[in-house]
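Have a look at the structure below, then the notes.
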Amino acid sequence: PDFNLIAEIMMFAEGFSSAKVLAKKMVAIMELSQQQLSKQDHYDYTLRSFVIPISRAAGAFKRIDPEGSEEAILYRTMQDLIM
């Protein structure tokens, strides 16, 4: 599947105007995670467990702070959910 397109649509649906750029960054981080982090079965860096939850949580933060930097919102969300 085209992860960039799916992530972009998810980010647009959550109200991000710079969704295309943010989706590329999110998918790049997802792909790096798949390549560099542990290959154990219980780690899941796929669309279902990475892109969808992050875009939904970022949308929630965006609704709380609609004037905030979209890039900062996405990075903060990824940091909160991944670490």
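The values are calculated or read from the model by the stated rules, or taken from the named source; none is laboratory data. None of these values were measured; they are calculated from a predicted model. Please note: Cβ atoms are built from the backbone with ideal geometry, for glycine as well, and neighbour counts cover all protein chains shown. The area values use the complete protein model at the heavy-atom level, side chains included, leaving out ligands, DNA and RNA. Shrake-Rupley method; radii C 1.70, N 1.55, O 1.52, S 1.80 Å.
Observations on the model:
- For segment 50-65, the tally of residues that are open to solvent by 30 Å² or more (accessible area, probe 1.4 Å) and over 12 Å from the mean Cα position of the chain (by Cα) stands at 5.
- Matching entry among Ala13, Ala19 (being over 17 Å from Gln79 (Cβ atoms), of a type in the set (Gly, Ala, Ser) and touching a Phe, Trp or Tyr at 6+ places or on another chain (Cβ under 9 Å)): Ala19
- For segment 42-49, the condition of being among the hydrophobic types (A, V, I, L, M, F, W, C), on the phi < 0 side of the Ramachandran plot and open to solvent by 40 Å² or more (accessible area, probe 1.4 Å) holds for none of the residues.
- Condition check for Gly68: in a loop (DSSP other than H, G, I, E, B) and open to solvent by less than 70 Å² (accessible area, probe 1.4 Å): yes
- One residue stands out in segment 1-27 among those that are among the β-branched types (Val, Ile, Thr) and under 15 Å from Phe50 (Cα atoms): the one that is most open to solvent (accessible area, probe 1.4 Å), namely Ile9.
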